[in-house]
1. Which of the lysines could a cross-linker span from residue 77 if the Cα-Cα distance has to be under 21 Å and same-chain partners fewer than 8 positions apart are dropped?
2. Taking the number of other C-beta atoms within 10 Å as the exposure measure, put 135, 43 in order starting with the fewest.
3. With axes computed from alpha carbons, what is the tilt in degrees of helix 263-274 against the longest principal axis of the chain, rounded to the nearest 10 within 0 to 90?
4. Report the local net charge at residue 206: Lys and Arg +1, Asp and Glu -1, summed over other residues whose C-beta lies under 11 Å from its C-beta.
5. Please list, in order, the residues from region 65-85 whose amide nitrogen is less than 15 Å from a point placed 7 Å along the Cα→Cβ vector of residue 52.
6. Arrange the following residues from fewest to most other Cβ atoms within 10 Å of their Cβ: 292, 207, 101.
Amino acid sequence: MSTPNTPPTSPILRITSRTAEVGGIPIHRLMPSRQRRMIGAWCFLDHAGPSTFEPGAGMRVGPHPHIGLQTFTWMIKGEVLHRDSLGNKQIIRPGQVNLMTAGHGIAHTEESLAQEDTLHATQLWIALPPPDSHCAPAFDHHPELPLWSLNGCQLTLLAGSYNGYTAPPKLYSPLVGIDLNSTAGSAMTLPLDSEFEYGVLTLEGQTIINGQAFAVDELAYLGLGLHEINLELAPGGSRAILLGGLPFSSDVLIWWNFVGHNKTDIARAQHDWETGSERFGTVHGYDGPPLTAPPLPPGWTI
């Protein structure tokens, strides 16, 4: 799957999700889609839940590999245990971010804690630019993020810099991510960087963006060249996430859990995973088999 690197300036594009299942939990996938492949370096966007389940029957995602990206998890409700082949073991709780940099290769697992009965989160991928796509893998946990209030809305800066704040996650491209949460409703004007492209995903309730209403699991792609947006969060509990970034400077290929800049790199990564190469290491402590990659498209060879 190849992503275009020249996003258009246009009226708001409404992108609806498609449903899937990850680790036994229903998710709504917004990117990549036929309508929009990327927003800046953000190249993948899943909205997981909100889901409820019996304790012990939550999400379980077995060992699987990544290259060429950063996985970015924003937890809203529930708790999930992350393990990876670097030896990290970390519980992520509401209001926290896990950032895993895959670089040249890493494997990890994700599972709900045994006592958990709910899950609500967003998981995103950030494509690494070519100079950094083969960097050393890393994992970072961010339990504290910049918070402020505006017109009855709580804003949490998840990534990048905004409004004089800078979020702690280490990024390799100019990006921003902001969670907007209001229980009683809110209306605000948000300044934007006109060199960034932006999108807003409604997570709960309803948002109205420049006069257009968007329901849960609808992504509003705003395009480029905007200096501000008028945004309303409907009363009764509404939540949205604002994503932005400088348009990515190179095309990106996405296949299974791999992000790369050519087919050969992805084919080699899949071969290394299938043959048990030391490249991805071993995830210790997870009770279950590793995930199996789907067959590569015709012509994708080392």
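Just so it is clear, none of the values below were taken in a lab; they were calculated from the coordinates. These figures come from a predicted structure and were not determined experimentally. In this analysis, Cβ positions are derived from the backbone assuming ideal geometry, glycine residues included, and neighbour counts consider all displayed protein chains.
1. Excluding near neighbours in sequence, the set is 89.
2. Fewest-to-most ranking of 135, 43: 135, 43.
3. 60
4. -2
5. Residues 77-78 qualify, since their backbone N sits under 15 Å from the label point.
6. 292, 101, 207
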